[in-house]
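**Student:** Encoded as structure tokens, here's the structure I'll be asking about.
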Amino acid sequence: MNCNHPPAPRPALSYRFMQALMGPFMKLAGLSCRHFAELCSAELDRPLTSGERFRYRFHSMMCRVCRPLPRQFATLSALTHCCVDDSAAGSPDPKPESLLDEAARERIEHSLHAAVAKGDNPS
């Protein structure tokens with residue numbers, strides 16, 4: 001599938017400047033964005049140690065790009081647990097085709113094709 005999305009905007013000059021100055025130090029200290037994502041994931045599974053909590057809080061103070069990440073991880077985890085709980089209860093997942101009648105599927109498919117042809121973002 002070919003996506004015709006515009007390229008992501010460049011981060012603000014202040015963010016790029018901070019990354020240039022602080023990036024190497026943050027990477028050596030285990031405070032990079034990749035480390036922060038790992039800490040966000042670990043936080044869902046277990047309590048963080050005091051050192052991890054310090055790195056977590058320090059990075060979230062310094063990097064505004066990563067601030068929404070814990071909320072996104074929590075939302076994703078809640079959605080996953082919801083799906084797992086429903087399927088574990090013995091109720092089979094309904095097929096997407098069974099939720100809509102044929103006419104509704106055709107209308108949706110036609111709208112998506114029209115949006116793609118027009119260049120709009122269908123999502």
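A short reminder: the numbers here are calculations on the coordinates, not readings from a lab. The shown structure was predicted, so the numbers you read here are calculated from the model rather than taken from an experiment. Backbone-built Cβ (ideal geometry, glycine too); neighbour counts: all protein chains shown.
**Student:** Mind listing whichever residues of region 1-15 are under 23 Å from residue 56 (Cβ atoms) and assigned to a helix (DSSP H, G or I)?
**Tutor:** Passing the criteria: 14, 15.
**Student:** Further, regarding this structure: Specify the residue that is farthest from residue 18 (Cα to Cα); the eligible residues are those in region 28-72 that are outside any helix (DSSP H, G or I) and of a type in the set (S, T, N, Q).
**Tutor:** The initial filter retains those residues of region 28-72 that are outside any helix (DSSP H, G or I), namely 29-32, 46-49, 63-68.
Those still in the list that are of a type in the set (S, T, N, Q) too: 32, 49.
Numbers: 32: 12, 49: 27 Å.
Checking each candidate, the answer is 49.
**Student:** While we're on this one: State which residue is surrounded by the most Cβ atoms within 10 Å (Cβ to Cβ) when the search covers only region 43-59 and only residues that are under 18 Å from residue 25 (Cβ atoms) and in contact (Cβ under 8 Å) with a residue 24 or more places away in the chain.
**Tutor:** If we take residues in region 43-59 being under 18 Å from residue 25 (Cβ atoms) and in contact (Cβ under 8 Å) with a residue 24 or more places away in the chain, then 59 is surrounded by the most Cβ atoms within 10 Å (Cβ to Cβ).
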